[in-house]
1. Looking at (1) over 30 Å from LYS401 (Cα atoms); (2) in contact with a strand residue (DSSP E or B) (Cβ under 8 Å, 6 or more places away or on another chain), can you tell me which one ASN453 breaks?
2. Going through the stretch 46-77 one residue at a time, which ones are touching a strand residue (DSSP E or B) at 6+ places or on another chain (Cβ under 9 Å) and β-branched (Val, Ile, Thr)?
3. Could you tell me whether any residue of the stretch 449-459 is in a loop (DSSP other than H, G, I, E, B), surrounded by 14 or more Cβ atoms within 10 Å (Cβ to Cβ) and modelled with pLDDT of 90 or more?
4. Any chance you could count how many residues in the stretch 399-416 are part of a strand (DSSP E or B) and closer than 21 Å to ASP493 by Cα?
5. Filter the stretch 106-133 down to the residues that are at pLDDT 95 or above and surrounded by fewer than 24 Cβ atoms within 10 Å (Cβ to Cβ) and list them by number.
6. Take the conditions in contact (Cβ under 8 Å) with a residue 24 or more places away in the chain, surrounded by fewer than 16 Cβ atoms within 10 Å (Cβ to Cβ) and more than 30 Å from ALA399 (Cβ to Cβ) and apply them to LYS485. Does it pass?
7. Among the residues in the stretch 438-445, are any more than 22 Å from GLY379 (Cα to Cα), surrounded by fewer than 16 Cβ atoms within 10 Å (Cβ to Cβ) and in the same structural domain as ALA415 (by TED's automatic domain parsing)?
8. Looking at the stretch 174-270, what helices (runs of 4 or more DSSP H) fall wholly within it and have at least 3 residues that are surrounded by fewer than 18 Cβ atoms within 10 Å (Cβ to Cβ) and at pLDDT below 80?
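The values are calculated or read from the model by the stated rules, or taken from the named source; none is laboratory data. Note that the structure is predicted; figures quoted are calculated from it, not measured. In this analysis, Cβ positions are derived from the backbone assuming ideal geometry, glycine residues included, and neighbour counts consider all displayed protein chains.
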Amino acid sequence: MSLTKITTKEFDQMVQAAAVVLNNNTDFINSLNVFPVPDGDTGTNMSLSLSSGESYVDKSTDDTVGGKASALAKGLLMGARGNSGVIMSQIFRGFAKDVEGKKDLNAKEFADAIIAGAKTAYNSVMKPTEGTILTVVRLAAKAGESKADDTDDIIEVMDAILSASKKALKETPDLLPVLKQVGVVDSGGQGLVFVFQAFDDVLNGRKIEDKGEHQPNSEEMNEMIDVEHHKSAQGKLNPEDIVYGYCTQIMVRIGKGKQVTQKFDYDTFYNYLAKLGDSLLVINDDEVVRVHVHTEHPGKVLSWGQQFGDLATVKVDNMRLQQESIMESDEKAQQNDKRAENEKEDHKKPRDLAIIAVVAGAGLEKLFKSLGVTNIISGGQTMNPSTQDIVDAVNKSNAKKAIVLPNNKNIFLAAEQAQGIVNIPMEVVHTKTIPQGLTAMFSFDPDSSFEKNQKQMDASLNTVKSGQVTTAVRDTKINGMDIKKGSYMGIIDGNIEVLGNSLDDAAVKMLKKMLDDDSENVTIIFGKNAKASDAKKVSDAALATDDELEVETHEGDQPVYPLIISVE
């Protein structure tokens, strides 16, 4: 297969494919972006930047590659995010200027355009750093130029560009010590390699469809990232070691607005900002100028920009806070890894009885395990596990017998079907809700027999009232209530009993309806779409009703139901 020219058809497909591949690999690219500062998410920034470029290309009616390339450059300029997104926009700005007015591109013209893109990108950076996306594009462009001297086949030229970009990426840690210290390749360079990979796939006739199709395999990933080193290094960066703490990005509409006092001059504009920090990028066309800079004075950057035009976009990130979050996440990840390893060892040990609960939410998982549940099946409302999921959990439990808590009536049939398939004796305790599941675990006696425990746990379900608060997904009328989409509903033991103007209002109304003279214990579990303060309001309402009640509050992290309340 050979190709001697790129037409608008191929160019459109190349841009579309690159947008897909960057989107597919956003998380992986982000995982490389950990040092020296957590300056946003490179993968996210590059993907969103190219997505903007793609939309401009898609809307362009120009029938020349030069026109399409110009649309791409404009879209990238307008949508550029983060350092790598801005540099990528400069690569294609140089590319576009070089192919201006050309209907199609031959191999030499394509290679020359990549060279022009690399030069423009280098010129846009105050202090170009090797071992970054700049190195990758420079060496890739050089390889393409060399190959174009030997062949008129664009596919061969693109193959050479891709191969050289991968080689350059692999060598970035040798050029930039911080990358070697952390054990990763450059994240922006990795993003550009994915772009070139997409271009190469299109020109070679390979389809790009499914998400993750171009994600690196384990061997390639090991070459790009030292996972253990990567984890420990990001936690070692002291936030106070970050000299310029605010990643500041603005886009100025040149000459527009009420505060314009200066006519735009690139050098004047650039030189002032260069005194305010580092990692400075300034790019512009006749209409807008975009700025990316790390500084201690974001306000001065904004004020400077307003002297030349109004601020179309503003983004300021406190990188010290971002690093603190990374350190906290790293610590939690290490704790989770240790916990998972311990659980893995526990699962290897034969046990007489496994108690398996269907639960959604990290907090609820922790709560159930603290009560004696040995295995968790992730699921629940809107994510019911299959019979096979339950069978697999039972068979992998390494136990002689098993008890399953569905915690949702929609899972009963799947659990019952699993009974006839699993390799060990299994019983289902028909828990319809999370509160019933917790009550069942409170009645579990490790010294009792398998059969007796199942009966005790089943019998305990009548001692608890279950309440759940959620929002209506559509308008309806039920139980004499006129329910509007978005209304807060209080559901008691499966029946919609109350409506509220807010989450707290519905929860308190529901609680009061659940309480009676025999009530002793109230448990409040707040989920993903609720806060501890919401749970406290319900707790305060319970104690105001009866100050002798025992009230507990837990963070469940559950979806769908922001608040779950049990009364016993």
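1. (1)
2. If the condition is that a residue be touching a strand residue (DSSP E or B) at 6+ places or on another chain (Cβ under 9 Å) and β-branched (Val, Ile, Thr), then VAL65 is the only one that fits.
3. No: the stretch 449-459 contains no residue that is in a loop (DSSP other than H, G, I, E, B), surrounded by 14 or more Cβ atoms within 10 Å (Cβ to Cβ) and modelled with pLDDT of 90 or more.
4. 2
5. Passing the criteria: ASN106, LYS108, GLU109, ASP112, ILE115, ALA116, LYS119.
6. No: the conditions fail for LYS485.
7. Looking for residues that are more than 22 Å from GLY379 (Cα to Cα), surrounded by fewer than 16 Cβ atoms within 10 Å (Cβ to Cβ) and in the same structural domain as ALA415 (by TED's automatic domain parsing), one finds at least one in the stretch 438-445, hence yes.
8. By residue number, 177-182, 218-224, 227-236.
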